[in-house]
Amino acid sequence: MHDTDKKRFAACITETAAAFHLEAGRLLLRAYFEALGDLEIDEIERACKLAVKTLEFFPRPVKIRKLCAADIDAQALEAWGQVNRAAHGNGEITDPIATEAVRSMGGVKSLRVMPEAEFLDRGHRRFIAAYRDLAIKRAAAPEPAPMLALPEPETGPSMPNKYDVCAEGAGEHPRMAEITESFFAKMREGQG
């Protein structure tokens with residue numbers, strides 16, 4: 001993006017923010033311009049339109065980056081190389097989106113039986129389209145909520161918790177002998 005694109009960029013981000021009921025101030029626009037400055041304005045505009053259509057919340061710069069079709073297409077072409085090698089028995093597919101795209105096309109085995117000309121033409125186009133769709137869906141998916149730590153359960157004074165027993169060793173807890181004897185007494189009563 002060039003300095004001459006600043007007005008288009010500001011309009012794009014401001015409109016996107018408005019769609020999410022937010023106001024894009026000068027600091028936000030400056031931060032987004034810095035974060036996305038290496039992308040072309042057309043890519044950013046396409047990504048912002050897609051964000052308005054698919055996201056629930058105003059996207060951070062990293063999400064806009066993920067939505068850029070140029071990035072997705074470049075990844076798809078790189079992944080096609082893996083698929084091509086795997087279909088010819090010379091490698092494996094390590095890209096998870098590529099794996100899912102190939103699975104949607106019937107798997108590597110179905111690609112292997114496809115005539116070479118059809119594989120390179122129709123197979124390639126189908127793969128790129130499937131990859132693009134899956135990548136956009138993944139990029140537009142909401143980020144998972146952070147895991148929250150649950151508090152340790154409280155233990156009463158009458159019963160030791162499992163950590164006390166393990167840390168102190170069996171029989172060392174002040175009431176362990178009493179609890180153990182009570183347990184075995186109940187067992188004897190049930191058998192006797």
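Where a number appears in this text, it was derived from the coordinates with a stated rule and is not lab data. Because the structure is a prediction, the values reported are computed rather than measured. When we count neighbours, we look across all protein chains shown, and the Cβ atoms used for this are built from the backbone with ideal geometry, even at glycine.
On a straight-distance basis, which lysines could pair with Lys6 in a cross-link, Cα separation under 26 angstrom, same-chain partners fewer than 8 positions away excluded?
Here the lysines satisfying the reach criterion relative to Lys6 are Lys49, Lys53, Lys63, Lys66.
Just the C-alpha atoms of segment 1-143: what Rg/Rh do they give, with Rh taken as the Kirkwood radius? Please report the intermediate quantities before stating the final value.
Values: Rg = 18.2 Å, Rh = 16.6 Å.
Taking Rg over the Kirkwood Rh, I get 1.10.
Take every Cα-Cα distance within segment 54-124, group them into 5 Å bins from 0 onward, and report for each bin the whole-number percent of pairs it holds.
Binned Cα distances yield the sequence 4, 15, 23, 21, 13, 10, 8, 6, 2, 0.
From the P(r) of segment 3-67, can you give the percent of Cα pairs sitting at distances over 21 Å?
Cα-Cα pairs in segment 3-67 separated by more than 21 Å: 9 percent.
Gain in length, Leu120 to Arg8, computed as 0.36 nm per residue apart minus the alpha-carbon separation, to one decimal in nm?
36.4 nm
Exposure proxy check: His88, His2 ranked by fewest other beta carbons within 10 Å?
His2, His88
Ordered by residue, what ³J(HN,Hα) values in Hz, to whole numbers, does segment 10-26 give under the Karplus form 6.51 cos²θ - 1.76 cosθ + 1.60, where θ = phi - 60° and Gly and Pro are x?
4, 5, 4, 5, 5, 5, 5, 4, 4, 4, 9, 6, 10, 10, 8, x, 4
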